[in-house]
1. For chain B, just the Cα atoms, rotate onto the principal axes and tell me the three extents in Å, largest first.
2. For segment A:167-211, run through the trypsin sites (Lys or Arg not before Pro) and keep only the ones in DSSP coil with at most 16 other Cβ atoms within 10 Å of their Cβ.
3. Can you sort B:233, A:453, A:464 by solvent-accessible area, 1.4 Å probe, largest first?
4. Where the centre of each part is set by its Cα atoms, how far does segment B:106-133 sit from segment B:347-416, in angstrom?
5. How would A:446, B:389 line up by accessible area, probe 1.4 Å, largest first?
6. Any idea what the residue B:199 label distances to the other copies are, label 7 Å down the Cα→Cβ vector, nm, shortest first?
7. Find the accessible area per residue for segment A:241-378; the probe is 1.4 Å, ligands and nucleic acids are left out, and the unit is Å².
8. Among B:372, B:216, A:43, pick out the residue whose Cα is farthest towards the positive end of the charge dipole of the protein assembly as shown, where Lys and Arg carry +1 and Asp and Glu carry -1 on C-beta, about the Cα centre.
2 protein chains.
Amino acid sequence: MLKSGTSASVSWLAAVLAISSILTGSLCTGDIRTSCSDRDILPRKLVDEIRGYAPVIKSIINAVVHGSERNKTYEDLALFVDTFGARYTGTAVLERSIDYMVQLLKRRRLDNVHTEPARVPRWVRGYEAAWMVSPRLHKLPILGLGYSAPTPRHGITAPILVVDSFEELHENRHKAIGKIVVFNQKFVSYDVTSKYRKRGPEEAAKAGAVAVLVRSVTPFSIATPHTGYTAFTERRFRIPSASITVEDAQLLKRMQDRGITPVVKLIMHNKDLPAVISRNTVAEITGREKPREVVIVSGHIDSWDVGQGAMDDGGGAFISWRALDVFRRLGLRPRRTVRSVLWTAEEVGTMGAEQYFADHADERNECINIAMESDMGTFKPKGLAFSGHSERARCVIAEVLSLFSDIDATELTIGADAPDLRKWIKAGFPVASLTTHNEKYFYFHHTEGDTMTVHDPKVLDLCTAMWAGVAYVLADLHDSLPRR
Amino acid sequence: MLKSGTSASVSWLAAVLAISSILTGSLCTGDIRTSCSDRDILPRKLVDEIRGYAPVIKSIINAVVHGSERNKTYEDLALFVDTFGARYTGTAVLERSIDYMVQLLKRRRLDNVHTEPARVPRWVRGYEAAWMVSPRLHKLPILGLGYSAPTPRHGITAPILVVDSFEELHENRHKAIGKIVVFNQKFVSYDVTSKYRKRGPEEAAKAGAVAVLVRSVTPFSIATPHTGYTAFTERRFRIPSASITVEDAQLLKRMQDRGITPVVKLIMHNKDLPAVISRNTVAEITGREKPREVVIVSGHIDSWDVGQGAMDDGGGAFISWRALDVFRRLGLRPRRTVRSVLWTAEEVGTMGAEQYFADHADERNECINIAMESDMGTFKPKGLAFSGHSERARCVIAEVLSLFSDIDATELTIGADAPDLRKWIKAGFPVASLTTHNEKYFYFHHTEGDTMTVHDPKVLDLCTAMWAGVAYVLADLHDSLPRR
């Protein structure tokens, strides 16, 4: 998961929804946890129709959690990530993994399996290392941040300035000149705290810093550096930037508080290479009655260049195509087409998804009912988060969720967390994302620890069943999902 | 914490105590969680005397947790571990940290500050690295195990054999010849699971393995390797041995289960150097009435060569000397002497403690009342664990613990976890160790993550208050602690 800007727009959208609900006097209020207790907003017939899907949802859950499909998402995902490891944008291994997926999706007899090209950038990590060289020698585990500038060949050696916040940087900007600025921000939430990784380097550069080290964006660490991209609006602000561990950020801060100015040597040999073409991977189960109408279920196939990308976003990508695989195996073919998209280049700026958004404008306006993405982990599912202008659509989702009481995943929250669908969300399009008990997601996110060890086969089954079940009902209802 | 053999002897001792309790019909039974509800075992006068310490315990807790001593253990420890980092046996940095402690203990005006020499071995980590080279290239984070043999200069490249247990190794021993054996044992408890690290390499060598990789002994990992020592009974069994992450052990196992035989390249340039002299560090508060009688509070000053040794055993060492510091600052001087010992060379085989055991035999037989060690983490205290032949001594401890209800640390468990006092425990001597809510101790143990970040200043205060309070009462009681 890249996540950039989503949170702001989501919060804004939630606020708009809340206000509009108050104005219309609906009970289906824009509370963060919401339901649609005012049944009048949906016609009785529609509610009854949705409830009529209880047996098919039960059969999906049974097959995936207990029956013939049991453990298959885990096994398919493990084979995939163990075979390829990290699938970083611009690498041959990502492209080979896409080829593999195309073959696999065809072997599983999904419809219309193909890829769609997207131009993607190439920022490549090289040798990188950092040491505190004074007051004593201490190696700092680091991970360079995507789009960071490299250091000169022999590195940069400079005293550090630790700040805990942007405010502290601005108050002490005269001290930042010629320093390596260390952001030691506390973890609050990913949305709040990742701003230091995304904007911190440029902010420090503006104050005259020669490089930046950002405390990894995580609530928990075992000396674990977490990478991610950083943003520069102008080339002249682009300075060497890396993440350091929570432990080392705190160590440097304690030393500074004692009146010591530690000196750090930072070496980063990363490179920018010419852009290349990557591909979004698409597969479908063609609708039996309205094949041109589409429900999208998606995740991204690319990962950071550390770990296996098993959770970010192997899990989301695999429950998405596996939903279709389950339909095929169970002989289910909904009225509309269900389309699985495995986005490329999410981590480096959602380039695959942006290209798709541009290429499918007409279809989006006319034929796509809803776009769903899972990219916040595939832990035990809680329900869905929803974004979109339509209150009625939201109430349909709430009603659909009531079908998942057997697996305790009926919760509807407002504000989808779907980085690849950011533009769809901004446009007010119906978007849903999977919500799970993902309290530990940011322990592993963008680290070497993002591996199959984080996954539980049974939990992946629950996610698959839920993702497939929701997509099935939304694709099969008589009427299209309301847009307004 | 090194831990070797303690568990077995402790379990045995617990069993003996349990049986002897049943035979004597005492209510003070050898249950794992125990109390002394049969008051008759202790004279009423003694019980009243112990209870009379409530005000002094209250004053210690008040000063350390809320008053003038607040946060001081954390601050002293942070300054120490930040200044020196890892303090590995045989290194100059360990000796400099001992010099520093001697000066600090003198500055804090403790009595009889001195060091006592002990001969310690030097196994030194060199360059070390491992890669899975087939079926794809994947770097394995490793930490060589103490006393491992080095590989040849250019490493060992060999196919692997993954086994989940000793039983599986023995069933497949013909397959181990010429292989790098990977132990992928599940974490059960440190005592149970660390046997794979301690005995696994030799067991594999006996089966013909050329090297061993042991899954790190931990219930939780973020791609974290955990070091520790391994034991070889004969030189010919000594083969290159390193820990790998939980994630990589599981990856290799999944690959093997799919019929693949991964090939691993292992390079380890560690060395054995001649033994050197290190030192146990001793400080005292001399008893006001019985200065030759002694209560020992201890922890070890050395650490593994990764992280800061802040938890293992910075916390234990620092609450031990800080207990004396608190007495001095509060003007408390118990009847007996309280002696703080900071053991050296615990992690590589408790050489400092062994030397002390040998050197202080007479004193131990006549003058030492009890030896206490904290080396299982300084998380929120629960109480004490006790070993020793004397049921009466155990009941005294239980009664003393009742004074700590304000901080919810009254629990007495059987079987002290005190690696440096292993010989004392075996001899049936009264030994107590600190028990805490240390469920996450083995997340950090022997890793780069053992830093001040694991510590909480308030929690260290609770540990200090408790450790000081128990030592004070035991050193101040009219009668010596019973041995039988």
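The values are calculated or read from the model by the stated rules, or taken from the named source; none is laboratory data. Note that the structure is predicted; figures quoted are calculated from it, not measured. Counting neighbours? That spans all protein chains shown, and the Cβs are built from the backbone with ideal geometry, glycine included. Surface accessibility is based on the protein's heavy atoms, side chains included, excluding ligands, DNA and RNA. Shrake-Rupley method; radii C 1.70, N 1.55, O 1.52, S 1.80 Å.
1. 72, 52, 39
2. Working: sites: A:173, A:175, A:179, A:186, A:195, A:197, A:198, A:199, A:206; in loops: A:179, A:186.
Counting only loop positions with at most 16 other Cβ atoms within 10 Å, the trypsin sites (Lys or Arg not before Pro) in segment A:167-211 are A:186.
3. Details: B:233 110, A:453 45, A:464 0 Å².
So, going from the largest accessible area down, we get B:233, A:453, A:464.
4. First find each Cα centre; the distance between them is then 24 Å.
5. Result of the area sort, largest leading: B:389, A:446.
6. 5.9
7. On the way: 3510 Å² over 138 residues.
On a per-residue basis, 25 Å².
8. B:216
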